[in-house]
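Engineer: This is the structure I have questions about; it appears just below.
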Amino acid sequence: MGGRRPGGSGAGTWHNWARTQSAHPRRVARPRDLGELVREVSAATAAGTRLRAVGAGHSFTGAAVTDGVQVHLDALAGFERVVTRTDGSARVTVGAGMRLRALNAGLAARGLALRNLGDIDAQSIAGAISTGTHGTGARLGGLATQVTACRLVTAAGDVVEVSPTQDPDLFELARLGLGTAGVLAAVTLDVVPAFRLLAREEPMALQDVLDDLDTFVDENDHFEFFWFPHADGALIKRNNRVADDTERPLSPLRHLVDDEVLSNGVFAALNRLAAARPGVVPRINALACRALTARTYTGSSSDVFVSPRRVRFREMEYAVPREHVADVVREVGAWLRSTGEPVPFPGEVRFAAADDLWLSTAHDRATGYVAVHQYHRMPHRRYFDAVERIVAQVDGRPHWGKLHGLDHERLAELYPHLPRANRVRARVDPTGTFRNAYVDHVLGPAG
Ligand SMILES: Cc1cc2nc3c(=O)[nH]c(=O)nc-3n(C[C@H](O)[C@H](O)[C@H](O)COP(=O)(O)OP(=O)(O)OC[C@H]3O[C@@H](n4cnc5c(N)ncnc54)[C@H](O)[C@@H]3O)c2cc1C
């Protein structure tokens with residue numbers, strides 16, 4: 001995870017996980033309970049000081065950056081309430097600082113699970129929902145769609161509970177609003193009975209994946225694929241729910257070889273080689289494609305969704321209308337081939353259902369997520385700029401937590417409810433306590 005603990009620098013310099021952002025907060029606060037959090041926020045507003053909560057520091061953008069008060073909510077991270085329904089699903093209220101790893105473990109201990117997840121579990125639940133973190137599944141939404149209520153501390157120091165029936169406008173901004181509604185203290189989630197997944201991973205020609213994309217996406221609960229720049233190969237991942245008693249675990253040795261050695265150890269070495277000799281990248285990627293093998297296993301949903309990510313990278317991810325995904329990937333591939341831009345990191349493509357959250361990347365449209373990555377020791381600007389030009393043609397919306405170059409004027413064209421979100425900000429944060437440079441850039445002025 002790198003030198004300093006991400007998001008937990010104490011005094012001095014704070015860095016995010018990707019080392020794309022740093023900050024020198026005037027004060028680092030670690031409130032032990034809601035009362036202390038209220039005092040921190042009230043004091044900051046009274047003094048005219050900016051304040052931001054930070055989770056695990058896993059956003060690539062400056063979403064969590066502040067030179068004012070940086071608040072860590074690791075102490076507000078317990079299970080508060082579990083209300084189970086007769087069908088086995090439940091509403092679960094947890095402290096907003098809870099990490100997804102602890103959330104998954106606590107849910108599993110209660111026979112429960114999140115409906116869907118991204119590919120890591122290091123994030124805090126508050127940080128994850130605030131930037132629209134998502135996994136894959138054409139019939140499923142991102143994590144924020146699973147939120148049914150939030151408790152937050154507003155700039156005035158008021159503790160408010162919001163939900164679709166209690167101040168629904170503020171609820172919208174609280175569940176996905178880059179921390180601009182206030183500091184989340186607790187989050188209530190709609191969760192499902194624990195489930196197991198059958199995971200099938202298979203190398204395939206990229207062309208075949210793109211030609212049959214709709215079938216793959218529609219016929220699987222969770223479909224995604226990785227593709228390798230300069231090579232013709234892809235790795236598809238099909239995860240589907242199976243009955244509880246289906247047991248087909250991955251052998252510990254295979255797990256070690258695939259996830260620890262190939263995905264992290266050998267992959268790290270290949271990336272270092274690519275950084276030293278960019279000219280060999282196409283050959284490295286061709287080799288990586290040939291080394292891919294098929295594997296099938298079952299596991300608990302969170303074990304299957306989450307993979308270790310130990311090689312540091314930069315990422316940009318755009319949500320595009322689902323029907324344009326194949327063309328976008330083809331165009332990005334063509335740009336890479338025509339320029340020879342050395343990119344050893346695979347691209348990733350995922351899917352989500354349309355939702356109605358104001359600032360969701362999947363707002364009002366069935367969505368494909370096209371993510372591009374670059375090894376952290378290699379330049380990413382030219383590649384990301386080119387991809388950004390390509391997705392602009394289909395009104396791509398950037399992930400709020402991943403690198404991009406859009407400003408609030410362009411984002412207002414992409415998010416019809418952005419002006420409404422800004423009116424809510426003006427109401428609950430008239431002093432601008434929760435502003436920072438990134439928020440100013442992407443949301444614009446409140447009001
Ligand atoms: C290796 C890696 C893998 C990733 N995988 C995925 C993935 O699969 N899918 C995906 O969609 N994204 C993914 N991301 C992006 C990541 O999920 C988001 O950037 C997420 O916001 C990070 O959560 P965090 O806890 O680190 O929040 P931070 O980055 O610390 O903060 C994010 C935002 O939340 C706000 N915030 C944090 N806590 C609170 C609070 N208590 N109240 C109010 N606001 C708060 C911060 O101020 C900031 O605006 C990945 C990132 C990395 C580095």
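The values are calculated or read from the model by the stated rules, or taken from the named source; none is laboratory data. Since the structure is predicted, the reported quantities are computational estimates derived from the model, not experimental observations. All Cβ positions, glycine included, derive from the backbone under ideal geometry; neighbour counts span all protein chains shown. Note: accessible area is taken over every heavy atom of the protein model, side chains too, but ligands, DNA and RNA are not part of it. Shrake-Rupley method; radii C 1.70, N 1.55, O 1.52, S 1.80 Å.
Engineer: Could you put 15, 134 in order of accessible surface area, largest first, with the 1.4 Å probe and the full protein assembly present?
Structural biologist: 15, 134
Engineer: What accessible surface, in Å², does a 1.4 Å probe find on residue 284, ignoring ligands, DNA and RNA and rounding to the nearest 10?
Structural biologist: Rounded to the nearest 10, the figure is 10 Å².
Engineer: So what's the range 196-398 giving for Cα Rg divided by 2.2 N^0.38 Å, two decimals?
Structural biologist: That works out to 1.03 for the range 196-398.
Engineer: Which whole-number percentage describes the relative contact order of the chain, with Cα contacts under 8 Å and a sequence gap of 6 or more?
Structural biologist: This gives 17 percent for the chain.
Engineer: A further question follows. With unit charges on the beta carbons (Lys and Arg positive, Asp and Glu negative) and the dipole taken about the Cα centre of the range 14-72, which residue among 47, 68, 21 sits farthest to the positive side?
Structural biologist: Final value for the positive-end residue is 21.
Engineer: Placing unit charges on C-beta atoms (Lys and Arg positive, Asp and Glu negative, everything else neutral), compute the dipole magnitude of the chain about its Cα centre in debye, rounded to 20.
Structural biologist: 1600
Engineer: May I pose another question? Would you work out the charge dipole size for the range 86-180 about its Cα centre, treating the Cβ of every Lys and Arg as +1 and the Cβ of every Asp and Glu as -1, and quote it to the nearest 20 debye?
Structural biologist: Magnitude of the dipole: close to 360 debye.
Engineer: Compare the peptides 182-189, 87-94 by average per-residue count of other Cβ atoms within 10 angstrom and give them in order, highest first.
Structural biologist: Going from most to least packed, we get 182-189, 87-94.
Engineer: Relative contact order for the range 14-72 using alpha-carbon pairs under 8 Å, separation at least 6, rounded to a whole percent?
Structural biologist: Taking the mean separation of contacting Cα pairs over the length of the range 14-72, I get 48 percent.
Engineer: Let me ask something else. For an R0 of 60 angstrom, estimate the FRET efficiency from the Cβ-Cβ distance between residue 293 and residue 47 and round to the nearest 0.05.
Structural biologist: 0.55
Engineer: Okay, next question. With only alpha-carbon atoms in the gyration tensor, what are the semi-axes of the equivalent ellipsoid for the range 14-72, in Å, largest first?
Structural biologist: Square roots of five times the eigenvalues give 21, 12, 8 Å.
Engineer: Which residue, 400, 354, 114, has the largest displacement toward the positive end of the dipole of the chain when charges sit on each Cβ (Lys, Arg +1; Asp, Glu -1)?
Structural biologist: Ranked along the dipole, the leading option is 400.
Engineer: Shifting gears a bit: At 222 nm, what helix-only mean residue ellipticity would the chain give, in deg cm²/dmol to the nearest 500, using -39500 (n - 2.57) for each DSSP H run of four or more?
Structural biologist: -8500 deg cm²/dmol
Engineer: What relative contact order, as a whole-number percentage, does the range 196-398 give when Cα pairs under 8 Å and 6 or more residues apart are counted?
Structural biologist: Result for the range 196-398 is 27 percent.
Engineer: Provide Rg and Dmax in Å for the range 117-160, with only Cα atoms included in the calculation.
Structural biologist: Expressed in Å, the Cα Rg and Dmax of the range 117-160 come to 12.8, 40.
Engineer: For the residue pair residue 24 and residue 272, what label-to-label distance in nm results when each label sits 7 Å from Cα along the Cα-to-beta-carbon direction?
Structural biologist: That separation, rounded to one decimal, is 3.3 nm.
Engineer: With just the Cα atoms defining each centre, how far is the range 318-375 from the range 122-200? Give it in Å.
Structural biologist: 24
Engineer: Would you be so kind as to identify which of 35, 203, 144 lies farthest towards the positive end of the dipole of the chain, taking Lys and Arg as +1 and Asp and Glu as -1 on Cβ and the Cα centre as origin?
Structural biologist: Working it through, the farthest residue towards the positive pole turns out to be 35.
Engineer: Next question. Mind grabbing the accessible area of residue 49 for me, 1.4 Å probe, Å², rounded to tens?
Structural biologist: Residue 49 has an accessible surface of roughly 20 Å² with all protein chains in place.
Engineer: Now for a different question. Which log10 I(q)/I(0) values, to two decimals, does the chain give at q = 0.08, 0.10, 0.12, 0.14 Å⁻¹ under the Debye formula with one point per Cα?
Structural biologist: -0.44, -0.70, -1.02, -1.40
Engineer: Follow-up question, since we're still on this one. Just in the range 344-447: which trypsin sites (Lys or Arg not before Pro) are loop by DSSP and have at most 14 other Cβ atoms within 10 Å?
Structural biologist: For trypsin sites (Lys or Arg not before Pro) across the range 344-447 that sit outside H, G, I, E and B with at most 14 neighbouring Cβ atoms in 10 Å, the list reads 377.
Engineer: If you place +1 on the Cβ of every Lys and Arg, -1 on the Cβ of every Asp and Glu, and leave all else neutral, what size is the dipole of the range 14-72 about its Cα centre, to the nearest 20 Debye?
Structural biologist: Dipole of the range 14-72, to the nearest 20 debye: 100 debye.
Engineer: Another question about this same structure. Just to confirm my numbers, what's the Cα centroid distance between the range 415-447 and the range 23-89 in Å?
Structural biologist: Here the two parts' Cα centres lie 18 Å apart.
Engineer: Another question, then. Between residue 241 and residue 218, how many nm apart are label points set 7 Å from Cα along the C-beta direction?
Structural biologist: 2.0
Engineer: Label residue 410 and residue 36 with points 7 Å out from Cα along Cα→Cβ: what is the distance between them in nm?
Structural biologist: 4.2
Engineer: Still on this structure, I have one more. Once the other residues with Cβ under 13 Å from the Cβ of residue 137 are scored (Lys, Arg +1; Asp, Glu -1), what is the net sum?
Structural biologist: +1
Engineer: Using the Cα atoms of the range 79-194, I'd like the radius of gyration and the largest Cα-Cα distance, Dmax, both in angstrom.
Structural biologist: Taking only Cα atoms of the range 79-194, I get Rg and Dmax of 13.4, 40 Å.
Engineer: Please report, to two decimal places, log10 I(q)/I(0) for the range 283-349 at q = 0.22, 0.26, 0.29 Å⁻¹ as given by the Debye formula with identical point scatterers on the Cα atoms and no solvent.
Structural biologist: So the normalised log intensities are -1.28, -1.27, -1.27.
Engineer: Can you compute 3J(HN,Hα) from phi for each residue in the range 71-83, using the Karplus curve 6.51 cos²θ - 1.76 cosθ + 1.60 with θ = phi - 60°, rounded to whole Hz and x for Gly and Pro?
Structural biologist: Once rounded to whole Hz, the list reads 10, 9, 10, 4, 7, 9, 8, x, 7, 9, 7, 10, 10.
Engineer: Something else: Roughly how many Å² is the accessible area per residue of the chain, as a whole number, for a 1.4 Å probe?
Structural biologist: Here the per-residue accessible area is 40 Å².
Engineer: Using a 7 Å offset from Cα along Cα-Cβ at residue 89, what residues in the range 214-239 end up with backbone N under 11 Å from the label point?
Structural biologist: Of the residues in the range 214-239, none has backbone N under 11 Å from the label point off residue 89.
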